[in-house]
Amino acid sequence: MDLFDQQIIPVPLSAEAGTAEISFWPNWLSDAEADALLQTAIDKTPWRQDSIKIMGKTIPLPRLQNWFGDPETSYTYSNIRLQAVSFPDWMDRLRLSVEQHTEKPFNRALVNYYRHGRDSVDWHADDEPELGPAPVIASLSLGAERVFQLRHNQSKERLSIALPHGSLLLMGPGIQAHWQHRIAKVTALQEPRVNFTFRYMESN
Ligand SMILES: O=C(O)CCC(=O)C(=O)O
Ligand SMILES: [Mn+2]
């Protein structure tokens, strides 16, 4: 782990709210560590195929996912209620090292499996009330490089960050209220990608 390659990306919010920060560690894990974790994640995560209903039609989400944390709790987004699954030991160790590295608390994770380039997540913000007024989110990327796009709610300014295998990105307070983000489809891509987004929730 090399703290020297930390990058800080200033992110404008609004005249009143000032500027927030994205912290980025492109080489948080070595290639060997990231390879092993990608394989463990693909093989050991109990993946769910969830669906959304649009105008009476049931449409499978273009990715697999699951939600980890205190099993007494749940998380709801886009009308999908995810009952939390307890952190398996391997994922809890990862959660702890992300906490230690970022010096932020995390007690939940949404894990996404993009099986190939046709999988994606559309524009959204992680701003559900359960996440509190100013969520801080840590995102670990595994597998083929992922282009993380951000779009400002008012100015429509865009930012784009290439997230390599084993990189860690931290979205600081304020970003979810002023920006949306997405992972677009990359039609030609065949390789899998896995993403862990660690979050903090008081309880629910
Ligand atoms: O895969 C990513 O980096 C984005 C995932 C995401 O935005 C989410 O799970 O809320
Ligand atoms: Mn998100």
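The values are calculated or read from the model by the stated rules, or taken from the named source; none is laboratory data. From a predicted model like this one, the values you see are computed outputs, not experimental measurements. Here the Cβ is made from the backbone with ideal geometry for all residues, glycine too, and neighbour counts use every protein chain on show. Quick note on the areas: whole protein, heavy atoms, side chains included, nothing else; ligands and nucleic acids left out. Shrake-Rupley method; radii C 1.70, N 1.55, O 1.52, S 1.80 Å.
In this structure, Leu110 does satisfy being within 13 Å of ligand 2 (Cβ to nearest atom), out of contact with any Pro (no Cβ under 7 Å at 6 or more places or on another chain), hydrophobic (A, V, I, L, M, F, W, C) and under 18 Å from Trp67 (Cβ atoms).
For Asp35, indicate whether it is in contact with a His (Cβ under 9 Å, 6 or more places away or on another chain) and surrounded by fewer than 13 Cβ atoms within 10 Å (Cβ to Cβ).
On the way: in contact with a His (Cβ under 9 Å, 6 or more places away or on another chain): yes; surrounded by fewer than 13 Cβ atoms within 10 Å (Cβ to Cβ): no.
No, not satisfied.
The number of residues in the range 105-115 being more than 14 Å from the chain's Cα centre (by Cα) and either at pLDDT below 95 or surrounded by 16 or more Cβ atoms within 10 Å (Cβ to Cβ) (or both) comes to 1. For the range 141-173, a residue qualifies if it is of a type in the set (S, T, N, Q), out of contact with any Lys or Arg (no Cβ under 9 Å at 6 or more places or on another chain) and within 15 Å of ligand 2 (Cβ to nearest atom), and exactly one does: Asn153. Out of curiosity, is Asn79 without any contact (Cβ under 8 Å) to a residue 40 or more places away in the chain and of a type in the set (S, T, N, Q)? Yes: the conditions hold for Asn79.
Inspect all residues belonging to the range 77-87 and state whether any of them is of a type in the set (Val, Ile, Thr) and open to solvent by 30 Å² or more (accessible area, probe 1.4 Å). Among the residues of the range 77-87, at least one is of a type in the set (Val, Ile, Thr) and open to solvent by 30 Å² or more (accessible area, probe 1.4 Å), which makes the answer yes. Residues of the range 159-204 that are open to solvent by less than 10 Å² (accessible area, probe 1.4 Å), within 13 Å of ligand 1 (Cβ to nearest atom) and among the aliphatic types (A, V, I, L, M): Leu163, Leu168, Leu169, Met171, Ile175, Ile183, Val194. The residues listed here are Trp123, Trp90, Trp67, Trp47; of these, the one that is within 16 Å of ligand 1 (Cβ to nearest atom), over 23 Å from Gln149 (Cα atoms) and either open to solvent by 40 Å² or more (accessible area, probe 1.4 Å) or of a type in the set (A, V, I, L, M, F, W, C) (or both) is Trp47. Filtering the range 158-179 to residues that are over 23 Å from Pro133 (Cα atoms) and of a type in the set (Gly, Ala, Ser) leaves Ser160, Ala162, Gly166, Ser167. Would you please name the residue that is farthest from Leu61 (Cα to Cα), looking only at residues in the range 93-120 that are among the acidic types (Asp, Glu) and away from ligand 1 (no atom under 15 Å from the Cβ)? This residue is Glu103. Only residues that are of a type in the set (A, V, I, L, M) and modelled with pLDDT under 95 were counted in the range 120-146, giving 1.
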